[in-house]
1. So if I take the centroid of the Cα atoms in the stretch 78-96 and the same for the stretch 98-114, what is the distance between those two points in Å?
2. What list of ³J(HN,Hα) values in whole Hz, one per residue of the stretch 56-64 in order, does the Karplus curve 6.51 cos²θ - 1.76 cosθ + 1.60 (θ = phi - 60°) give from phi, with Gly and Pro shown as x?
3. Calculate one ³J(HN,Hα) per residue across the stretch 98-112 by plugging θ = phi - 60° into the Karplus curve 6.51 cos²θ - 1.76 cosθ + 1.60, and present them in order as whole Hz with x for glycine and proline.
4. Calculate the dipole size of the stretch 7-125 relative to its Cα centre from +1 charges on Lys and Arg beta carbons and -1 charges on Asp and Glu beta carbons; express the result in debye to the nearest 20.
5. What does the accessible area per residue of the stretch 13-119 come to in Å², with a 1.4 Å probe and no ligands, DNA or RNA counted?
6. For His70, list long-range residues whose amide hydrogen, built 1.01 Å from N in the peptide plane, is under 5 Å from its own amide hydrogen.
7. Going by amide H atoms built from the backbone, whose H comes under 5 Å of the H on Ser5, apart from near neighbours?
Amino acid sequence: GDNLSCELIHTDLVQAPRYSTLSYSRDGGNRSPQLQPQGIVVDGAALQVKGNLWGALHSLGSYVREQGTHLWVDAICINQHDLPERNSQVLLMREIYSNALAVIIWLGEHSLNSQLAMDYIFDVANHLVDLHLMDVVRTAASTRGSQELSFMDRIAIEDRIFWALVGSPYRREW
């Protein structure tokens, strides 16, 4: 198999270099061979990680290098065998994810239906945005009387709708 290795950088959140975070499914009890625990090397020492995390790291390696960013992963960055450390880091999770350049969500390797599912999600999201935008535009127009909405007003409304829809999953308790 492919060897994966990384180095830990110890820093506080105020002085942290650019980083992205990885949110990934924990395998859900799946026992397929590609999801079995696999080894990586962290600071020269072997570490066993769940197969789905290994798959994510393997797939994202070139992205991290191209972006010139670091990657924060709970299973690697938090000593899972040190309960006090784990508890203190859990308290920082909101801040860790909020300060990230990007939050990468890894659901697993693609399957035969992955592209169909992603296309469907994209279509539904576009439809919801269109429906919501029409509602907001109607409401805004009714408050202005017969005044037409300017291009910039429409852009501002679209922007608010987009971030309301996109941001809602990130406000959930994880």
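The values are calculated or read from the model by the stated rules, or taken from the named source; none is laboratory data. Fair warning: this is a prediction, and the values are worked out from it, not measured in the lab. We place every Cβ from the backbone using ideal geometry, glycine too, and count neighbours over all the protein chains shown. Areas reflect the complete protein model, heavy atoms only, side chains present, ligands, DNA and RNA absent. Shrake-Rupley method; radii C 1.70, N 1.55, O 1.52, S 1.80 Å.
1. 22 Å
2. 5, 4, 4, 6, 8, x, 5, 4, 4
3. Working through the residues one at a time gives 5, 7, 5, 4, 8, 10, 9, 9, 10, 9, x, 5, 5, 10, 4 Hz.
4. 140 debye
5. On the way: 6940 Å² over 107 residues.
On a per-residue basis, 65 Å².
6. Tyr19, Ser20
7. Residues meeting the amide H criterion: Val41.
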